[in-house]
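The values are calculated or read from the model by the stated rules, or taken from the named source; none is laboratory data. Just so it is clear, the model here is predicted, and its values are computed rather than measured. Note that we place each Cβ from the backbone using ideal geometry, even for glycine, and neighbour counts take in every protein chain shown. Remember, those area values only see protein heavy atoms, side chains included, never the ligands or the DNA or RNA. Shrake-Rupley method; radii C 1.70, N 1.55, O 1.52, S 1.80 Å.
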Amino acid sequence: YYKRYRRKNLKKLSEYIKKYFVLNKQSLNEKACLRKKTDINFKLRTKFSSRISCELRKSGISKRNNSYLNNIGYSIQQLKCHLENLFESWMNWNNYGKYNKSTWIDNDQSTWTWNIDHIIPHSDLPYRSMSDENFKKCWALSNLRPLSAKQNILDGVLRVRHIKNY
(Lines give C-alpha, C1' and ligand atoms only; values in the text may rest on other atoms or scores of the structure.)
Protein backbone atom coordinates (compact mmCIF):
# COMPACT_ATOMS: atom_id res chain seq x y z
CA TYR A 1 0.00 0.00 0.00
CA TYR A 2 2.72 2.47 0.99
CA LYS A 3 4.75 1.84 -2.15
CA ARG A 4 1.70 2.39 -4.35
CA TYR A 5 0.76 5.54 -2.44
CA ARG A 6 4.31 6.86 -2.76
CA ARG A 7 4.35 6.21 -6.53
CA LYS A 8 0.95 7.85 -7.00
CA ASN A 9 1.78 10.90 -4.88
CA LEU A 10 5.45 11.37 -5.67
CA LYS A 11 5.13 15.05 -6.57
CA LYS A 12 3.02 15.84 -3.49
CA LEU A 13 5.44 13.99 -1.19
CA SER A 14 8.44 15.63 -2.83
CA GLU A 15 6.98 19.10 -2.21
CA TYR A 16 6.19 18.18 1.39
CA ILE A 17 9.74 16.94 2.00
CA LYS A 18 11.27 20.08 0.47
CA LYS A 19 9.04 22.29 2.61
CA TYR A 20 9.86 20.24 5.72
CA PHE A 21 13.61 20.61 5.12
CA VAL A 22 13.30 24.37 4.60
CA LEU A 23 11.27 24.83 7.79
CA ASN A 24 13.53 22.56 9.89
CA LYS A 25 16.92 23.25 8.31
CA GLN A 26 18.67 24.46 11.46
CA SER A 27 17.42 21.62 13.64
CA LEU A 28 18.29 19.00 11.02
CA ASN A 29 21.79 20.47 10.56
CA GLU A 30 22.40 20.43 14.31
CA LYS A 31 21.30 16.80 14.55
CA ALA A 32 23.51 15.79 11.60
CA CYS A 33 26.48 17.69 13.06
CA LEU A 34 26.06 15.97 16.43
CA ARG A 35 25.69 12.58 14.77
CA LYS A 36 28.88 13.12 12.74
CA LYS A 37 30.74 13.78 16.01
CA THR A 38 29.44 10.62 17.67
CA ASP A 39 28.98 8.13 14.80
CA ILE A 40 32.11 7.59 12.68
CA ASN A 41 30.25 5.35 10.22
CA PHE A 42 27.75 8.14 9.56
CA LYS A 43 30.58 10.66 9.20
CA LEU A 44 32.43 8.46 6.68
CA ARG A 45 29.27 7.72 4.72
CA THR A 46 28.29 11.39 4.43
CA LYS A 47 31.83 12.54 3.58
CA PHE A 48 32.16 9.95 0.84
CA SER A 49 28.69 10.70 -0.51
CA SER A 50 29.32 14.44 -0.75
CA ARG A 51 32.82 13.99 -2.21
CA ILE A 52 31.55 11.60 -4.90
CA SER A 53 28.60 13.89 -5.70
CA CYS A 54 30.99 16.82 -6.05
CA GLU A 55 33.28 14.90 -8.41
CA LEU A 56 30.35 13.73 -10.54
CA ARG A 57 28.92 17.27 -10.72
CA LYS A 58 32.28 18.48 -12.09
CA SER A 59 31.57 16.21 -15.06
CA GLY A 60 28.03 17.53 -15.31
CA ILE A 61 26.52 14.33 -13.93
CA SER A 62 24.23 13.78 -10.97
CA LYS A 63 24.19 10.84 -8.57
CA ARG A 64 20.38 10.92 -8.84
CA ASN A 65 19.72 9.18 -5.53
CA ASN A 66 21.92 6.28 -6.62
CA SER A 67 23.89 5.17 -3.57
CA TYR A 68 27.62 4.96 -4.11
CA LEU A 69 27.63 2.04 -1.65
CA ASN A 70 26.09 -0.10 -4.39
CA ASN A 71 29.07 0.63 -6.65
CA ILE A 72 32.20 0.58 -4.47
CA GLY A 73 32.21 -3.08 -3.47
CA TYR A 74 32.64 -2.67 0.30
CA SER A 75 30.70 -1.43 3.31
CA ILE A 76 31.44 1.57 5.50
CA GLN A 77 32.40 -0.85 8.28
CA GLN A 78 34.96 -2.50 5.95
CA LEU A 79 36.33 0.95 5.06
CA LYS A 80 36.64 1.82 8.73
CA CYS A 81 38.51 -1.44 9.49
CA HIS A 82 40.78 -0.94 6.46
CA LEU A 83 41.75 2.54 7.61
CA GLU A 84 42.24 1.46 11.24
CA ASN A 85 44.61 -1.31 10.08
CA LEU A 86 46.74 1.38 8.40
CA PHE A 87 46.70 3.87 11.30
CA GLU A 88 50.03 5.15 12.54
CA SER A 89 50.50 5.17 16.32
CA TRP A 90 49.19 8.75 16.71
CA MET A 91 46.10 8.29 14.51
CA ASN A 92 42.59 7.74 15.88
CA TRP A 93 39.03 8.74 14.97
CA ASN A 94 39.18 11.79 17.24
CA ASN A 95 41.94 13.42 15.19
CA TYR A 96 40.44 12.69 11.76
CA GLY A 97 39.94 16.05 10.07
CA LYS A 98 41.28 19.04 8.24
CA TYR A 99 44.78 20.45 8.46
CA ASN A 100 44.86 23.66 10.48
CA LYS A 101 48.16 25.51 10.15
CA SER A 102 47.50 27.62 13.26
CA THR A 103 46.99 24.63 15.59
CA TRP A 104 49.48 22.16 14.06
CA ILE A 105 52.76 21.84 15.97
CA ASP A 106 55.28 19.61 14.19
CA ASN A 107 56.81 18.33 17.44
CA ASP A 108 53.47 17.67 19.18
CA GLN A 109 51.51 14.68 17.86
CA SER A 110 48.47 15.67 19.93
CA THR A 111 47.94 18.59 17.51
CA TRP A 112 48.14 16.47 14.37
CA THR A 113 45.18 15.46 12.19
CA TRP A 114 44.85 13.04 9.32
CA ASN A 115 42.81 12.70 6.11
CA ILE A 116 41.77 9.87 3.86
CA ASP A 117 44.14 10.02 0.92
CA HIS A 118 43.72 8.61 -2.57
CA ILE A 119 47.06 6.96 -3.40
CA ILE A 120 46.32 7.41 -7.10
CA PRO A 121 44.60 10.83 -7.16
CA HIS A 122 41.23 11.67 -8.67
CA SER A 123 42.92 13.64 -11.42
CA ASP A 124 44.65 10.48 -12.67
CA LEU A 125 41.40 8.46 -12.63
CA PRO A 126 38.71 10.55 -14.35
CA TYR A 127 35.25 9.01 -14.35
CA ARG A 128 31.86 9.98 -15.73
CA SER A 129 29.63 7.65 -13.74
CA MET A 130 29.68 5.32 -10.77
CA SER A 131 29.72 2.33 -13.12
CA ASP A 132 32.92 3.58 -14.79
CA GLU A 133 35.98 1.38 -14.18
CA ASN A 134 38.02 4.41 -13.02
CA PHE A 135 35.37 5.15 -10.38
CA LYS A 136 35.88 1.69 -8.94
CA LYS A 137 39.69 2.09 -9.04
CA CYS A 138 39.53 5.57 -7.49
CA TRP A 139 37.36 4.49 -4.57
CA ALA A 140 38.82 0.97 -4.09
CA LEU A 141 40.07 0.18 -0.59
CA SER A 142 43.50 -0.49 -2.06
CA ASN A 143 43.59 3.16 -3.24
CA LEU A 144 42.60 4.68 0.12
CA ARG A 145 44.80 5.25 3.15
CA PRO A 146 45.00 7.47 6.21
CA LEU A 147 47.65 10.17 5.74
CA SER A 148 48.84 13.08 7.83
CA ALA A 149 46.62 16.06 6.91
CA LYS A 150 49.67 18.29 6.56
CA GLN A 151 51.45 15.78 4.31
CA ASN A 152 48.28 15.34 2.23
CA ILE A 153 48.05 19.11 1.66
CA LEU A 154 51.75 19.37 0.79
CA ASP A 155 51.60 16.39 -1.58
CA GLY A 156 48.56 17.84 -3.34
CA VAL A 157 50.17 21.22 -3.83
CA LEU A 158 53.47 19.74 -5.02
CA ARG A 159 51.78 16.91 -6.96
CA VAL A 160 53.99 14.41 -5.12
CA ARG A 161 52.74 10.92 -4.47
CA HIS A 162 54.27 8.74 -1.77
CA ILE A 163 52.94 5.38 -2.88
CA LYS A 164 53.50 2.61 -0.38
CA ASN A 165 52.78 -1.05 -0.95
CA TYR A 166 49.94 -1.88 1.44
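Normalised by 2.2 N^0.38 Å, where N is the number of residues, the C-alpha radius of gyration of the stretch 81-161 stands at 1.20.
Arrange the residues SER50, SER110, SER148, SER75 by how much accessible surface each exposes, largest first, with a 1.4 angstrom probe. Before the final figure, lay out each step's value.
Values: SER50 70, SER110 100, SER148 25, SER75 50 Å².
Most to least solvent-accessible, the answer reads SER110, SER50, SER75, SER148.
Run the accessible area of the chain with a 1.4 Å probe and give the carbon-and-sulfur part as a rounded percent. Carbon-and-sulfur percentage of accessible area, whole number: 51.
Accessible area per residue for the chain, computed on protein heavy atoms with a 1.4 Å probe, is 71 Å².
Among the GluC sites (Glu not before Pro) found in the stretch 79-143, those both in a DSSP coil and sparsely packed, with 12 or fewer other Cβ atoms within 10 Å of their Cβ, are GLU88.
Each of TYR5, LEU23, TRP112 was placed along the dipole of the chain (beta-carbon charges, centred on the mean Cα), and the one lying farthest toward the positive end is TYR5.
Database remark: amide H of ASP117 closer than 5 angstrom to the amide H of ARG145, LEU147 (H placed geometrically; neighbours at sequence offset of 5 or more, or on other chains; Pro and chain starts carry no H).
Using a simple charge model, +1 on the beta-carbon of Lys and Arg, -1 on the beta-carbon of Asp and Glu, nothing else, what dipole does the chain show about its Cα centre, in debye to the nearest 20?
For the chain, the charge dipole is close to 1460 debye.
Hey, any idea what the orientation-averaged projected area of the convex hull of the stretch 26-166's Cα atoms comes to, in nm²?
Working: hull surface 39.1 nm².
In nm², the orientation-averaged hull projection of the stretch 26-166 is 9.8.
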